[in-house]
1. For the chain, calculate the relative contact order in percent as a whole number, restricting contacts to Cα pairs under 8 Å that are 6 or more residues apart.
2. Projected area of region 3-86, taken from the Cα convex hull and averaged over every viewing direction, in nm²?
3. Put +1 on the Cβ of every Lys and Arg and -1 on every Asp and Glu Cβ in the chain; which of ASN83, THR57, THR130 then has its Cα farthest towards the positive end of the dipole?
4. Specify the angular offset, from 0 to 90 degrees and rounded to the nearest 10, of the alpha carbon long axis of helix 46-56 from the longest principal axis of the alpha carbons in the chain.
5. Just how far, in whole angstrom, is region 1-56 from region 87-116 if you go by their alpha carbon centroids?
6. Using just the helices of the chain, give the 222 nm mean residue ellipticity in deg cm²/dmol: DSSP H runs with n ≥ 4 each add -39,500 (n - 2.57), and the total is spread over all residues, rounded to 500.
7. What residues have an amide H closer than 5 Å to that of LEU42, excluding those fewer than 5 places away on the same chain, when H is modeled at 1.01 Å from N in the peptide plane?
8. Using Cα atoms only, what is the angle between the long axis of helix 68-80 and the major principal axis of the chain, expressed in degrees (0 to 90) to the nearest 10?
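Derivation of every value follows stated rules applied to the coordinates shown; laboratory data play no part. Only a predicted model underlies this, so the values are computations on that prediction, with no experimental measurement involved. Reconstructed Cβ throughout: ideal geometry from the backbone, glycine too, with neighbour counts over all protein chains shown.
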Amino acid sequence: MTTSEIALIDSNILVYATQTISQFYLPAKRLRDKGISGELSLCVCPQVLKEFFAVITSPKRVTHPCTPGEAITEIKKYIESKNIIKLPPREDVLDKMIALLEKYETKQQLIFDVQLVATMLSNGVTKIYTYNQEHFARFGEIEVSSP
């Protein structure tokens, strides 16, 4: 398997996969389940799991927040899955982040998207599944898809 066959799964996909009342629940859950079963080559990184935890435990961000324990149980599914690839933060990620910041006008919270793309590129991953396509569409280095 080459890294071009691997896609990062964004935190919003993980969130929607737990929110049964969301219109995005079924497609997000199907995508996540295909990754866990190994049908699709999906990966996560620490940033995605941290963002997932922050959102899923916040009553301001989701209708049905999880307790911290429930969120940890969900995170463990990804960490313990033999089929979900875990991307490490590599030594060159900061250099890649600075290069992306210089190339693309970035302000405020969009720095987190830049860091995510830098982590992907540092690991040779060029595809992301997300419902925030507009956040990532400006990056010519990656392919952006939704479930």
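1. Over the chain, the number comes to 29 percent.
2. Working: hull surface 20.5 nm².
So the mean shadow area of the Cα hull is 5.1 nm².
3. Positive-end residue among those listed: THR57.
4. So the helix axis and the longest Cα principal axis differ by about 40 degrees.
5. 21 Å
6. It lands at -14000 deg cm²/dmol.
7. Sorted by chain and number, the residues that satisfy this are ALA7, ILE85.
8. Helix 68-80 sits roughly 60 degrees off the main axis of the chain.
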